[in-house]
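Engineer: I'd like to ask some things about the structure below.
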């Protein structure tokens, strides 16, 4: 029999960015908030203690901050005709674990969104006609516009302490020749901090991109270009380009995280409680399944505990939000055969390609050991719908960038293709090329398809006896078309640098999704937002269509993957949803959008 | 929301039940609470992890350990049976209700100048604003004959001033007078910041007693309470009023960060004081004349920063500095505003006695999250990875670079502090145990 805790106004599942933002917004509204985080307590000290945190073996290789696959994982298969097997070793994607979630170990690239991508289906239908979108591609509009979200993007950047250069502010051109992005939508304010400095690799990219006629800009980075105090009074130090961002706790207090930018303020709130080591099993519903009554979780000692609450926020990682909805019976599960149902629908990812560029040993000292996770130079000439897709026959765009995040000693040595993988030739090449190379990515958007979805696995269970989530996912023809087009355009930048060698890493047509090699942790969809309960799991305020006191923020709400990194949109949508809870839902609890 | 409504209903019920009591003056209790904050009563009268004001905190003295007492209004073990006169006798006169003299760990020589009016507010707070806790007081761990109390009475007669309401000097600026009242009285700043004489008495209880007042102390629990007089090298001359007010309120300013025993003072006391009172405190401190009036202000010297930028690590301790300190405090020693304090020109690193700086290198420091500055910023400990020689070297480097005028430090001073059982420590700095609770960390990288 589960122990029952005292009722709270709000219970939040997961304490990453979305959980922290919701906790702050809702305690500000005077509500009592309990946040449940499955992993351990983590903070800059002791987890980011200098110099112990500068430890590639512990953090990158042994994956210290990531999901513990011995307790729970997902199963993966390519098509409905395959049998899914558990993802036992982390590879392609690295969800976080512990206080701060993936927001503690992320890199810090902090974009907004291209407005077109929020109404992707409508935009493509308007510009290219309905038939342009291939059969089986299930892209949708988000149901919210950039203009509606702009104040929340702005506030999130101020909370994160983001470094960057605006192009226009309130319609006034401010960023020309200063690192602004001419394709960026208008902003209500400047970035809170100026852009970070660019290392040699990003400077080379910038010049080469100009030379081939593209429009380079400074990446907006949630690594600070100087000391900063955010609107909550939370402080950051300046980034020193140590190169230990992604996968690490930042010891310089300079990479934005829920732990650094929000939790200190929450600690001053008497109405807030954070319980680490609390693994939520399910959301409890009333018998008619119309209302949530709280959640049941297992604490660090293995005790089953019920936490009653008036509002339930699912703030777990993308696929864990979807899994909790399926385990709890919130919303109708998606069926790929009929296309009906919504929970698990439109699971999408990222469509990456990489070009490595090698220079002569006397040319361009790129110092790859320095870096910052959010830092670099990018071009948006082929992102979103910034070019005419008509002749090319695919949907989606991609930013290109040099994002030198720091090349660490174990995994960091890369040689031109053709070099042996070991021995004296490998050593000689490593000596020649280590300090004379750079890497650029095409961080392609990824579309949603009828056959890529999430459901509960019929066979495998987690350490608590609950079914694992099953991913059914593979690359589609549109993905190959897009990434090859992008690589062709990006290669022009590489060639303009006059390198000694170029190594292009791109998926060959027909390649299947490979769980072993890392791509990104930008997983999307499964509990998507929209305007119609038949085709979306949550409404435009991230409120469950079926259980009105359940809100589901996160990239699980994205109907398809973006060209940009998702965190900025995740944060803005969470503030937008929180505002709707504060200003509408609390006054009149019930559906915020009538179905 | 149901829970919100029921909580509201409950609190309404509670306040109406309360209203039936013999209505203590809420404003007076509130004022007493504020004054108790100003006096930082909670710091000594609360054991680690214990209930507020229930006593039991051990305090090391040269003759043995004494324990603070229960000052909650509990009738059997606290001060619930104290009349106002009993309370006043203890706080301002140093004499317990039972008639014996208190150990001067209780700063009654400072409290002697608290006004009677404020005493009444404090009494109201301790009787009606504090939850009673039943917790018997703990006997002192002092061997006979030192445990006899009668010499304390003699001490009191020799060193404690006559109890009298503080009165401003004629013509004194009211703000400065308020500052003097808080600093010399309830704030009892001199308890740590004034040097002590042969009988552990504070050598001066106010500025009128001479330049020993707040001139900095010998190490206490492994920390120096620095001079609060207007000296350049190791006093507060460097900082202006706004910086000092911000420091007292938030534990930090652009180039300062609180550490050591002062951390708790900011945490439990100063962060709750009004801006007016903090300004008064600072304005008063700024009137204290320097011990060395002829000393020159800090003059920056760029030689070391320039050498470090060129990769020259030849000065003693420079290499240790680059490997351990430079990321945050920078080669120019200026740190970063509000996040990482400046070392260049900072008086706390230039005190004649280097104890505090050694201690902070060994054990690190935690800038606590506070009401007006919620971020906790931690300098990690380095004692586990640096040996005595390395610590002495880096401390010497910091004390003598960028124009700093502190002296060199001997490794023996580091060893002595490491082994000092009386200093406060979190245990993180003693060596191999630092990361014993993190099995996948390598403990010793030396």
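The values are calculated or read from the model by the stated rules, or taken from the named source; none is laboratory data. Quick caveat: nothing in here was measured; it's all calculated off a predicted structure. Note that each Cβ is placed from the backbone with ideal geometry, even for glycine, and that neighbours are counted across all protein chains shown.
Engineer: When you scan segment B:230-237, do you find a residue that is assigned to a loop (DSSP other than H, G, I, E, B) and closer than 22 Å to residue B:33 by Cβ, even just one?
Structural biologist: No, segment B:230-237 has no match at all.
Engineer: If you don't mind, another one. Among A:276, A:316, which is the only one that is under 26 Å from the mean Cα position of the chain (by Cα), touching a residue at least 60 places away in the same chain (Cβ under 8 Å) and under 24 Å from residue A:111 (Cβ atoms)?
Structural biologist: Criteria check complete, one pass: A:316.
Engineer: Scan segment B:17-33 residue by residue and report those that are loosely packed, with under 11 Cβ neighbours inside 10 Å and either modelled with pLDDT under 50 or under 30 Å from residue B:249 (Cα atoms) (or both).
Structural biologist: Answer for segment B:17-33, where residues must be loosely packed, with under 11 Cβ neighbours inside 10 Å and either modelled with pLDDT under 50 or under 30 Å from residue B:249 (Cα atoms) (or both): B:17, B:19, B:20, B:21, B:27.
Engineer: Of all residues in segment A:280-293, how many are in contact (Cβ under 8 Å) with a residue 60 or more places away in the chain and either part of a loop (DSSP other than H, G, I, E, B) or buried (at least 22 other Cβ atoms within 10 Å of the Cβ) (or both)?
Structural biologist: The number of residues fulfilling the criteria is 6.
Engineer: From A:311, A:330, A:355, which residue is crowded, with 17+ Cβ neighbours inside 10 Å and in a loop (DSSP other than H, G, I, E, B)?
Structural biologist: A:330
Engineer: Please determine whether any residue of segment A:46-65 is away from chain B (no Cβ under 14 Å), closer than 25 Å to residue A:516 by Cβ and buried (at least 21 other Cβ atoms within 10 Å of the Cβ).
Structural biologist: The answer is no, given that none of the residues of segment A:46-65 is away from chain B (no Cβ under 14 Å), closer than 25 Å to residue A:516 by Cβ and buried (at least 21 other Cβ atoms within 10 Å of the Cβ).
Engineer: I would also like to ask the following. Within segment A:235-267, which residues are in a strand (DSSP E or B) and within 12 Å of chain B (Cβ to nearest Cβ)?
Structural biologist: Selection gives A:235, A:236, A:242.
Engineer: Can you name every residue in segment A:208-234 that is part of a loop (DSSP other than H, G, I, E, B), over 24 Å from the mean Cα position of the chain (by Cα) and either away from chain B (no Cβ under 11 Å) or over 28 Å from residue B:341 (Cα atoms) (or both)?
Structural biologist: Answer for segment A:208-234, where residues must be part of a loop (DSSP other than H, G, I, E, B), over 24 Å from the mean Cα position of the chain (by Cα) and either away from chain B (no Cβ under 11 Å) or over 28 Å from residue B:341 (Cα atoms) (or both): A:212, A:213, A:214, A:215.
Quick grid of which residues meet (1) within 14 Å of chain A (Cβ to nearest Cβ); (2) at pLDDT 95 or above:
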{"position": "B:393", "(1), (2)": "no, yes"}
{"position": "B:402", "(1), (2)": "no, yes"}
{"position": "B:408", "(1), (2)": "no, yes"}
{"position": "B:416", "(1), (2)": "no, no"}
{"position": "B:423", "(1), (2)": "no, no"}
{"position": "B:434", "(1), (2)": "yes, no"}
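Engineer: Out of segment A:507-527, which residues are in contact with a strand residue (DSSP E or B) (Cβ under 7 Å, 6 or more places away or on another chain) and under 17 Å from residue A:560 (Cα atoms)?
Structural biologist: Once the filter is applied, which keeps residues that are in contact with a strand residue (DSSP E or B) (Cβ under 7 Å, 6 or more places away or on another chain) and under 17 Å from residue A:560 (Cα atoms), segment A:507-527 yields A:519, A:520, A:524, A:525, A:526, A:527.
So that you can scan it fast, the table gives a plain yes or no per residue for (1) at pLDDT below 95; (2) surrounded by fewer than 17 Cβ atoms within 10 Å (Cβ to Cβ); (3) part of a loop (DSSP other than H, G, I, E, B); (4) in contact with a strand residue (DSSP E or B) (Cβ under 6 Å, 6 or more places away or on another chain):
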site: B:69; (1), (2), (3), (4): no, no, yes, yes
site: B:75; (1), (2), (3), (4): no, yes, yes, no
site: B:81; (1), (2), (3), (4): no, yes, yes, no
site: B:91; (1), (2), (3), (4): no, no, no, no
site: B:105; (1), (2), (3), (4): yes, yes, yes, yes
site: B:117; (1), (2), (3), (4): no, yes, no, no
site: B:126; (1), (2), (3), (4): no, no, no, no
site: B:135; (1), (2), (3), (4): no, no, yes, no
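Engineer: Could you tell me how many of the residues in segment B:277-305 are outside any loop (DSSP other than H, G, I, E, B) and touching a residue at least 12 places away in the same chain (Cβ under 8 Å)?
Structural biologist: 11
Engineer: For residues that are closer than 26 Å to residue A:110 by Cα and touching a helix residue (DSSP H, G or I) at 6+ places or on another chain (Cβ under 8 Å), tally how many sit in segment A:440-487.
Structural biologist: Counting residues in segment A:440-487 that are closer than 26 Å to residue A:110 by Cα and touching a helix residue (DSSP H, G or I) at 6+ places or on another chain (Cβ under 8 Å) gives 6.
Engineer: A further question on this structure: For residue A:119, work out the one condition from (1) touching a residue at least 40 places away in the same chain (Cβ under 8 Å); (2) in contact with a strand residue (DSSP E or B) (Cβ under 6 Å, 6 or more places away or on another chain) it doesn't fulfil.
Structural biologist: Condition (1) is where residue A:119 drops out.
Engineer: If you don't mind, another one. Going by the conditions given, is residue A:98 touching a residue at least 24 places away in the same chain (Cβ under 8 Å), in contact with a helix residue (DSSP H, G or I) (Cβ under 9 Å, 6 or more places away or on another chain), within 14 Å of chain B (Cβ to nearest Cβ) and surrounded by fewer than 19 Cβ atoms within 10 Å (Cβ to Cβ)?
Structural biologist: In short, no.
Engineer: Being modelled with pLDDT of 95 or more, touching a helix residue (DSSP H, G or I) at 6+ places or on another chain (Cβ under 6 Å) and either outside any helix (DSSP H, G or I) or surrounded by fewer than 23 Cβ atoms within 10 Å (Cβ to Cβ) (or both) is the filter here, so list the residues in segment B:164-181 that pass it.
Structural biologist: Scanning segment B:164-181 gives B:175, B:176, B:178.
Engineer: For segment A:35-45, indicate whether the set of residues that are in contact with a strand residue (DSSP E or B) (Cβ under 8 Å, 6 or more places away or on another chain), free of Cβ contacts under 8 Å to residues at least 40 places away in the same chain and within 14 Å of chain B (Cβ to nearest Cβ) is non-empty.
Structural biologist: Scanning segment A:35-45 turns up at least one residue that is in contact with a strand residue (DSSP E or B) (Cβ under 8 Å, 6 or more places away or on another chain), free of Cβ contacts under 8 Å to residues at least 40 places away in the same chain and within 14 Å of chain B (Cβ to nearest Cβ).
Engineer: Name the residue, out of B:43, B:14, B:36, that is outside any loop (DSSP other than H, G, I, E, B) and modelled with pLDDT under 90.
Structural biologist: Answer to the check: B:14.
Engineer: Right, something else. From (1) over 30 Å from residue A:359 (Cα atoms); (2) touching a residue at least 60 places away in the same chain (Cβ under 8 Å); (3) more than 14 Å from chain B (Cβ to nearest Cβ), pick out the condition that doesn't hold for residue A:191.
Structural biologist: (2)
Engineer: Do the conditions hold for residue B:338, that is, is it within 13 Å of chain A (Cβ to nearest Cβ) and surrounded by fewer than 20 Cβ atoms within 10 Å (Cβ to Cβ)?
Structural biologist: Here the answer is no, as residue B:338 does not meet what is asked.
Engineer: Hey, does segment B:352-375 have a residue that's more than 14 Å from chain A (Cβ to nearest Cβ) and surrounded by fewer than 20 Cβ atoms within 10 Å (Cβ to Cβ)?
Structural biologist: Yes: one or more hits.
Engineer: Evaluate the following for residue A:366: is it free of Cβ contacts under 8 Å to residues at least 12 places away in the same chain and in a loop (DSSP other than H, G, I, E, B)?
Structural biologist: For residue A:366, the condition - free of Cβ contacts under 8 Å to residues at least 12 places away in the same chain and in a loop (DSSP other than H, G, I, E, B) - is not met.
Engineer: Give me a count of the residues in segment A:1-33 that are within 14 Å of chain B (Cβ to nearest Cβ), under 24 Å from the mean Cα position of the chain (by Cα) and assigned to a strand (DSSP E or B).
Structural biologist: Qualifying residue count, segment A:1-33: 1.
Engineer: I want to confirm something. Restricting to segment B:377-391 and keeping residues that are under 23 Å from residue B:252 (Cβ atoms) and surrounded by 21 or more Cβ atoms within 10 Å (Cβ to Cβ), which single residue is nearest to the other protein chains (Cβ to nearest Cβ)?
Structural biologist: Checked segment B:377-391; the qualifying residue nearest to the other protein chains (Cβ to nearest Cβ) is B:380.
Engineer: OK, next. Would you pick out the residues in segment B:96-122 that are in contact (Cβ under 8 Å) with a residue 60 or more places away in the chain and more than 25 Å from the chain's Cα centre (by Cα)?
Structural biologist: If the condition is that a residue be in contact (Cβ under 8 Å) with a residue 60 or more places away in the chain and more than 25 Å from the chain's Cα centre (by Cα), then B:120 is the only one that fits.
Engineer: With the checklist (1) touching a residue at least 40 places away in the same chain (Cβ under 8 Å); (2) assigned to a helix (DSSP H, G or I) in hand, flag the one item residue A:480 doesn't pass.
Structural biologist: Here residue A:480 meets the rest and fails (1).
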